[in-house]
Amino acid sequence: MDLIKAVNTYEKWIYAILIAMLMIVLIASLIDLTFFLYMALFIDTPYLLEQRELMGVLGAFLLVLIGVELLDTIKAYFSENAIHVEIVLLLAVIAIARKVLILDPTGMNGTEFGIEMVGIGVAVVCLGVGYYIIKKAGGLIIGPGKKTDNKTE
């Protein structure tokens, strides 16, 4: 029993360190996004965002959003000892949306681009179906001693 308690304490420390490190990464990403947006709006092409700049800004913005959602997931596990699958699926949807936004087909031939798009499409459909099932079930939580749904009977 003491070994389990020690492992749980160790696990909590790991999550606390991960949260602190992710906060540092988020601050750096936010500074990078601010600098990139400033450069795009005022230096490169004043008061006008070109297509490549807009894609870069949106990609950086979604990267910060992914980090915030990941922080929320780790925070939920840290406080509740449970993983909210709905949040993880939304994180994956945001990551796929970022991939679509920053996808540059110029270095690919038609077949490679087609395969890439089919793969992204399959991932989007699978994530959408998974999210629909989770929402229909009332939200899935995975953790020790947790029920697999949030519905109260």
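No value in this document is a laboratory result; all are computed from the given coordinates. The model shown is predicted, which means the values in this text are computed figures rather than measured ones. As a convention, Cβ positions derive from the backbone with ideal geometry for all residues, glycine included, and neighbour counts pool all protein chains shown.
When the residues of segment 70-101 are filtered to those that are surrounded by fewer than 17 Cβ atoms within 10 Å (Cβ to Cβ) and acidic (Asp, Glu), which remaining residue is nearest to the chain's Cα centre (by Cα)? Top of the filtered list is ASP72. Taking the stated definitions as given, is VAL124 part of a helix (DSSP H, G or I) and farther than 21 Å from LYS12 by Cβ? The answer is yes for VAL124.
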